[in-house]
1. Please report, ordered by residue number, every helix of chain B (full DSSP H runs) that is 24 Å or longer along its axis going by C-alpha atoms and whose mean Kyte-Doolittle hydropathy reaches -1.0.
2. Using the Karplus curve 6.51 cos²θ - 1.76 cosθ + 1.60 with θ = phi - 60°, work out ³J(HN,Hα) for each residue of the range A:78-95 in order, rounded to whole Hz, and write x for Gly and Pro.
3. Amide H of A:THR67: which non-local residues (sequence gap of 5 or more, or other chain) have their own amide H closer than 5 Å, using H built in the peptide plane?
4. Full-extension gain between B:SER34 and B:LEU13, please, as 0.36 nm times their residue separation minus the C-alpha to C-alpha distance.
5. Using Cβ counts within 10 Å as a stand-in for footprinting exposure, how do A:ILE18, B:ILE171, B:ILE312 rank, fewest first?
6. Mind checking which aspartates and glutamates have their Cα closer than 12 Å to the Cα of A:LYS223? Skip sequence neighbours fewer than 8 apart in that chain.
7. Would you kindly derive the ³J(HN,Hα) couplings of the range A:176-183 from the backbone phi angles with the Karplus curve 6.51 cos²θ - 1.76 cosθ + 1.60 (θ = phi - 60°), listing them in order in whole Hz, with x for Gly and Pro?
8. Return B:CYS43, B:CYS14, B:CYS107, B:CYS159 ranked ascending by Cβ neighbour count within 10 Å, so the fewest neighbours appear first.
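No value in this document is a laboratory result; all are computed from the given coordinates. Just so it is clear, the structure is predicted and the values come from calculations on it, not from any experiment. When we count neighbours, we look across all protein chains shown, and the Cβ atoms used for this are built from the backbone with ideal geometry, even at glycine.
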Amino acid sequence: MLLEVRSVTKKFGGLIAISNFSFVLEKGIMTSLIGPNGAGKTTLFNIINGIYPPTSGSIIFDGKDITGLKPNKIARSGIGRTFQTPRLFNEFTTLKNVISAAIYGGGIRDIREAKKRGIELLDFVGLEKKKDVLAKNLLATEKKYLELARALAIRPKLLLLDELFAGLGESDTSNAINLLFKIKNDMGITIFMIEHNIKAVMKISEKVIVIHHGEKIAEGVPKDVAQNPEVIKAYLGEEYA
Amino acid sequence: METEKFKLKITFLCVLLVVLVSVPYFGIPEYALSVFIAVFIYCSLCVSWNVVGGYTGYLSFGHAAFFGFGAYVSALLYTHTGMPPYGAILLAGIFSSILATGIGYPCLKVKGPYFAVVTFATVPMLKIMFENLEFTGGVQGIFIKSSFNTPTIYLMTLCLMVLSALMAVLIEKSAIGIGFTSIREDEDAAETIGINTSKIKTLAFALSAFFPGMVGGVFSFYKLYINPSTVFSEEMSILIVLFSLFGGTMRWIGPIIGASILVTIDRVLHIYSGIIIDWLEYLPYFKKVFPYFSSGILASVLFGLILILVIIFMPKGILGWLEKIELERLKKRTSGRD
């Protein structure tokens, strides 16, 4: 068991964004979090990652209680993440973006070492030719890959991917899927992703968690979840269930 | 090609340094030396300010607080404990950094305009505190009995400018610099890659206060008399920001260029203010509309104008502007090749 979320609740004033949410991520099982817009997917990521401390409940990662820790501590304990719209260091070169993560999150103190690691990772995501380009000048898809490389540079055990496939074309999507399998199999990193691309979800996830109005409505292997009446109701409305 | 450019740059800087060091031996008049001293003081203030204002992007509007605090620390240590001046000046820097750690930790929790406002408050706060303290001489201030001549002060301020620039260069080249600038780029993203932003920001703030404290320390030995209203000046806080923004905050050279140009303009205006005001008084009604016009007002008006023009036309300062020209030149060259 890599991550355990125990009855987490998050309130923003009177609004309950996440309500009594519990689940477990097993090591090496590719898990997806799906749900309609505004269901609370990104909020849940922000809670795991430490950006929002939960109102109640606790989060256990790798045997340690990480509830309420600052994001930088959680990152260094081994949780990397990407954002829905990439949040890069725009005035940095592509390489420097990865170097910064290798130094601080990856614990590589020597800049030359960090550079080597950075080039390796850029090579891995296919951006090595763009290493001296400013991040702001990259294409939208390249930005997604760069953010992935930067998240990998902290040597995570768990990687939270917030809609990696959004906005990617057909060929890019299959390319990204290949990358994810490599991350999982070769690097031994567990992946937990938010995804709207249902085709991709069904193809690669081993487990799916469905969230609606901040509550967990289903959990299981993709095939079962797709037939769950609760899920169909949440996505398509009452009459289709 | 790159290394050649680098060598050229280093040679140029060394030659410039040798020239600057030898300036006092040319028998230059005292007033001209004082212009240089003012330039060096503002250069070290601005290049230090840039560590927090430029690299981490937190615009501190209170850096004169560290200058004033340093001035008081060195003056008090020297007059009360009989500490040698150089020791007193060094401790002024160290105490300023400690003060900055105390101020920075809570202030750096807020961003943007809020940070600007809370830091702006530190100068009047310290001013009022020092006005009401017994052992600092209250409103009367302190006299410092010392006899550094102007050339020595010149060399001391020059030395501080070089050291503060060196610190900025080292920061830019190191991992710490990457940490600082990542905060400017995106603080939340910096956290997610394991950067302890509140620690790093406080470190930047403490480092940025060290040389201002030492410069303040030298200032006490230069003016030989300090009081709260001369060393704690909100105007100075604003000028530091203005000069740095004018030069460009992306790299260490920007604040130095900005401070050098604008301080020189300010001093020259002071020298020729009589003539300029004589001209202005030929304008009809000028004397009636501005009965108390002085060189100080003239400089303020000019700086205000420069600030507006810089924000509109060169939002990234002189450095950004030069970079843009360079980029366009490169573009032209490559398009010509096609």
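1. Those that clear 24 Å and a mean of -1.0 are B:2-22, B:30-50, B:64-81, B:85-107, B:150-173, B:197-223, B:253-280, B:295-313, B:317-337.
2. The phi angles translate into x, 10, x, 8, 10, 9, 4, 9, x, 10, 9, 8, 4, 8, 8, 6, 3, 5 Hz.
3. A:ILE59
4. Details: separation 21, 0.36 × 21 = 7.56 nm, distance 2.20 nm.
Contour length minus Cα-Cα distance gives 5.4 nm.
5. Arranged by neighbour count, lowest to highest, A:ILE18, B:ILE171, B:ILE312 become B:ILE312, B:ILE171, A:ILE18.
6. A:GLU206
7. The phi angles translate into 5, 4, 4, 4, 4, 5, 5, 4 Hz.
8. B:CYS14, B:CYS159, B:CYS107, B:CYS43
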